[in-house]
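The values are calculated or read from the model by the stated rules, or taken from the named source; none is laboratory data. It should be emphasised that the depicted structure is a prediction, and the values quoted were computed from it without experimental measurement. Every residue, glycine as well, gets a Cβ built from its backbone with ideal geometry; the counts of neighbours run over all protein chains shown.
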Amino acid sequence: MKRFKGRTAVITGAASGFGLETCRVAAREGMNIVMADVQADALERAAAEIRGLAAEVLPFRLDVSQAHEVEALGEATAQRFGTPHFVFNNAGVGVGGLIWEHSAHDWAWILGVNVMGVAHGVRVFTPAMLAAAQADPGYEGHIVNTASMAGLLNPPNMGAYNVSKHAVVSLSETLYQDLALVSEQVTASVLCPYFVPTGIHQSHRNRPADTLAAHARPTHSQRIAQAMTGKAVESGKVSAANVAALVFDALRERHFYIYSHPKALAAVQTRLEDVMLARNPTDPFAGKPEIGAELRAALRAGS
């Protein structure tokens, strides 16, 4: 996609992090922007900011895990701006802890947002984008799904999150291949960030009401995961604004994989070698044993 001015972007998780920074770039590029987020007050503030950048904005409060709400987003987008050109299925949440300690509510929430939120976005917007491409040889469409480096690795004490992000990578790679079968005008990318300050470690603020009571009593491993992830995220040197710029670079160049920290790919290579050689999984802390020792000691102290 070489031209953005006057075209339309749909961005979920738009009130903070990657979503808000991508809205800022889209506004500077002259795009119309549909801003979707579950947090109504933050969305209102973010939409006011983006309007201040002279963009046409449609704010839309929704829970991406709910099929009918994403369908309503699609209808509202069509009515206001027509078929979008850029869809950023970005909304996501995080839950840490030992994998057997995730509650049924944890699993339902994280898979509902991280996986089904992306699936609903793909299901709702892709047919309209393909129809627009068929009707107009000049139409260009691009879908970006937010996964994580946890979708290419399996960090310990992050089980449900890892599972959800591996699913997004798989979904995105399949989407890319399926689109290539039917169109040259619509394509896809997957965003795999590492530790970037976005506020995802505070995802619990947006948990559904029926799970808040259970989450008020996190397990020992979950408290450790939140503390360690928060420290890693907040100390990240790559900003959400840097990542938003990489997303637009991928749109321009039709790149599929978008990485915030390319050096982390060495660990991905090691994991893939483990798979190919039928080798037991390599210690994820082999390069930084002090972190592994800290985590083991903390977990065993509470057992």
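Screening GLY30 against (1) closer than 24 Å to ARG252 by Cα; (2) touching a helix residue (DSSP H, G or I) at 6+ places or on another chain (Cβ under 9 Å); (3) not aliphatic (A, V, I, L, M) leaves a single unmet condition, (2). Residue count for the range 263-303, restricted to those that are among the hydrophobic types (A, V, I, L, M, F, W, C) and either more than 21 Å from MET149 (Cβ to Cβ) or in contact with a Lys or Arg (Cβ under 7 Å, 6 or more places away or on another chain) (or both): 7. Among the conditions (1) within 30 Å of LYS288 (Cβ to Cβ); (2) modelled with pLDDT of 95 or more; (3) out of contact with any strand residue (DSSP E or B) (no Cβ under 7 Å at 6 or more places or on another chain), GLY138 misses just one, which is (1).
Say we look at the range 58-88 and pick out the residues that are more than 21 Å from the chain's Cα centre (by Cα) and outside any helix (DSSP H, G or I); which of these is surrounded by the most Cβ atoms within 10 Å (Cβ to Cβ)? Once the filter is applied, the top-ranked residue is THR83.
Here is a check on your reading of the model: is GLY97 within 18 Å of the chain's Cα centre (by Cα) and either surrounded by 17 or more Cβ atoms within 10 Å (Cβ to Cβ) or among the hydrophobic types (A, V, I, L, M, F, W, C) (or both)? Answer is no for this residue. Total residues in the range 17-34 satisfying the condition of being in contact with a Gly (Cβ under 8 Å, 6 or more places away or on another chain) and aliphatic (A, V, I, L, M): the figure is 1. For the range 146-163, a residue qualifies if it is in a helix (DSSP H, G or I) and in contact with a strand residue (DSSP E or B) (Cβ under 9 Å, 6 or more places away or on another chain), and the qualifying residues are MET149, ALA150, GLY151, GLY159, ALA160.
Listed here are the helices (runs of 4 or more DSSP H) enclosed by the range 191-283 that have at least 3 residues being touching a strand residue (DSSP E or B) at 6+ places or on another chain (Cβ under 7 Å), modelled with pLDDT of 95 or more and surrounded by 14 or more Cβ atoms within 10 Å (Cβ to Cβ): 240-253. Does ARG24 satisfy the criteria of being in a helix (DSSP H, G or I), among the basic types (Lys, Arg), in contact (Cβ under 8 Å) with a residue 60 or more places away in the chain and at negative phi? In short, yes.
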